[in-house]
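What follows draws every value from the coordinates through simple rules; no lab data is involved. In this text the structure is predicted, and so the values were computed from the model without any measurement. So basically every Cβ, Gly included, is an ideal-geometry build from the backbone, and we count neighbours across all protein chains shown.
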Amino acid sequence: EAGVTQSPTHLIKTRGQQATLRCSPISGHTSVYWYQQALGLGLQFLLWYDEGEERNRGNFPPRFSGRQFPNYSSELNVNALELEDSALYLCASSLTGGDEKLFFGSGTQLSVL
Amino acid sequence: GQSLEQPSEVTAVEGAIVQINCTYQTSGFYGLSWYQQHDGGAPTFLSYNALDGLEETGRFSSFLSRSDSYGYLLLQELQMKDSASYFCAVNRDDKIIFGKGTRLHILP
């Protein structure tokens, strides 16, 4: 069974550009979570999608947005990139919205120059 | 507010036992989870405590005390491959939030 897959593995952008990150959950999982992991700051909650709907978002500006598609895959969009957006972006999926066990992908390393 | 406090680093010797603590300043959550993350790798789920008490899974055990707002992860018979970062996490207000992680260093 394939795990959570994220693409691209690495992404280099310049300040002001837009970045799109993609995530495919484990087959059968309906919930997708996005986290930002900057050096030394742990995992910061960004967004939670379940059954195609945004269920919650963390304390990030509106230029961080995303969506979940009918096949439960998801994408995270970051507009007007800033230098401090450089981080590892992790996607996780769970079987249902109430499931505590998250399965993480290997992440997308975003570098903003 | 919601915050989870963990020590930033812990050092232990191979073969020994180590305890990683997690204290929280939040209420009304459903339970405490633990994740392991090796350098360059993805976090992987270790355990979940829905109720107070000790949960054992092989060499790893996890404990929760809601009355003390406290939990810990216990690693026994430490192996070099256990060198990693360990995160506690809670589900509160429809978001799963993580502590900043504890970096475990293991000495031979």
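Peptide B:85-91 has a mean shielding of 2, counted as Cβ atoms of other protein chains within 10 Å of each residue's Cβ. In cubic angstrom, how much convex hull volume per residue do the alpha carbon atoms of the protein assembly as shown span? Roughly 122 Å³ of hull volume per residue. Taking every alpha-carbon pair under 8 Å whose residues sit at least 6 apart, chain B reaches a relative contact order of 37 percent.
Listed by Cβ neighbour count within 10 Å, with the fewest neighbours leading, A:Leu41, B:Leu78 appear as A:Leu41, B:Leu78. The amide H of A:Asn56, built 1.01 Å from its N in the peptide plane, has A:Trp48 as neighbours under 5 Å, considering only residues 5 or more places off or on other chains. Using a cutoff of 8 angstrom between alpha carbon atoms and counting only pairs six or more residues apart, the relative contact order for region A:1-93 works out to 35 percent.
This ranking places A:Thr96, A:Thr20 by how few other beta-carbon atoms lie within 10 Å of each, fewest first, which gives A:Thr96, A:Thr20.
Look at the stretch B:101-107: the mean tally of other chain Cβ atoms within 10 Å of its residues' Cβ atoms is 1. Amide H contacts of A:Gly66 (H built 1.01 Å from N, in plane; Pro and chain starts excluded): A:Asn77 sit under 5 Å, all sequence-distant by 5 or more or on other chains. Using the Cβ-Cβ distance between B:Ser83 and A:Thr14 with R0 set to 30 Å, the FRET efficiency from 1/(1 + (r/R0)^6) comes to roughly 0.25. Loop exposure criterion: GluC sites (Glu not before Pro), DSSP state outside H, G, I, E and B, at most 16 other Cβ atoms within 10 Å. Applied to chain A, the longest stretch between such sites is A:2-50. Counting only other chain Cβ atoms within 10 Å of each residue's Cβ, the peptide B:93-99 averages 6.
Plainly put, region B:3-108 has a radius of gyration that is 0.95 times its Kirkwood radius, both from alpha-carbon atoms, as the Rg/Rh ratio. Here the translational diffusion coefficient of region A:20-113 follows from Stokes-Einstein with Rh set to the Kirkwood radius across Cα pairs; for 25 °C and 0.890 mPa s it amounts to 185 µm²/s.
Placing pseudo-labels 7 Å out from each Cα toward the beta carbon at A:Arg55 and B:Glu56 gives an inter-label distance of 3.3 nm.
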